[in-house]
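Trainee: The structure is given below, and queries will be raised subsequently.
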Amino acid sequence: MLPRLMPPLFAVLDPLLPLPWWAWAGFFAFISAMLALDLGVFQRHSHEVKMKEALVWCGVWFTLAMVFNGLVYRWRGAEFGNQFLAAYLVELCLSVDNVFIFIVIFAYFKVAPKWQHRVLFWGIVGAVLMRATFILAGVSVIQRFHWVLYLFGAFLVYTGIKMALPRREEVDVNPDHNLAVRVFRRFFPVVTQQEGGHFFAREAGRFAATPLFIVLLVVETTDLVFALDSLPAVLAITKDAFVALTSNVFAILGLRSLYFALNGVMQLFRYLKLGLAIILVFIGVKMLTEPWIDISTGVALGVIGGVLTMSVLASAFIPEKPAPRV
């Protein structure tokens, strides 16, 4: 069994090979240190994260991403630097959808504000591992089957059009409808009362999961869906595994702070989803027409930045229509 699994495993790891091992080791060591610092020092005592603190951390993560972007520019040149910035901006905007889902999930499960950071922290650790696996596998597949790019492009166009259309259905976060939660409950006991901020507890002498762990499962499985959208988007901008993965990770790491900063003011960015839909359609068309039309990364970056700027300005200056009277 193991010999059969080794060739596919090495194929997934192929995208790691063009760069020296110290580049990957240094990046993940830095990310691990920042996460440990965040949870072990700044968040040692669970508390409700206020907007001011969240905005500071948004600035910290954005600054770190831009410093890293500068290193990519200096180390690998302008083309890869532009790719990193474009991928980072797209992934950051896709994160806004995650923020909306997190708001719905925490409201549904009535998670106390002081425990939300803990759930998001471990949820994002899982998301980083998930995205890393997907991106490395995606780059490996594209290197072997170039036609997959056209499938990704068509999927992005479809996703963008669907995102632009008005939706009436509500997000379903009911754990009884979640396959992962149902399977987990079948094989592992779950207590009914929350034990502080713990994911596991002992009840009647047995080890059991708490409701907070069920919330974490819902967050992780929800991010799995977003990861499927994220993969084609980032690979439409860059085929370089290092740029794709690092830009994705930096966007995910700022997601917790983004949630606490935007929670309660999401209505101020009501046109951002439309802007993101336009960007997804654009990069999907770019991917589909790549053999005939050469759209440089610099041009793509300008389009992405321009659309994002216009959507934010439209959200700020176009007054929201009053709700119809019943």
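Trainee: Tell me, Kirkwood radius of the range 221-318 from alpha-carbon pair distances, in Å?
Mentor: It works out to 15.0 Å.
Trainee: Would you mind listing how long the range 46-317 runs along its three principal axes, going by Cα atoms, in whole Å with the largest first?
Mentor: Principal-axis extents of the Cα atoms in the range 46-317, largest first: 66, 44, 42 Å.
Trainee: Inverting the mean 1/r over all pairs of different Cα atoms, compute the Kirkwood radius of the range 128-244 and quote it in Å. Display every interim value, and only then the final one.
Mentor: Values: mean 1/r = 0.0586 Å⁻¹.
About 17.1 Å, per the Kirkwood formula over Cα pairs.
Trainee: Checking the table LYS50/LYS239; LYS162/LYS239; LYS50/LYS273 against a 28 Å threshold on Cα-Cα, which pairs fail? Please list the in-between numbers first.
Mentor: Working: LYS50/LYS239 38 Å; LYS162/LYS239 25 Å; LYS50/LYS273 25 Å.
With Cα atoms farther than 28 Å apart: LYS50/LYS239.
We did not get these values from a lab; they are worked out from the coordinates using the rules stated. From a predicted model like this one, the values you see are computed outputs, not experimental measurements.
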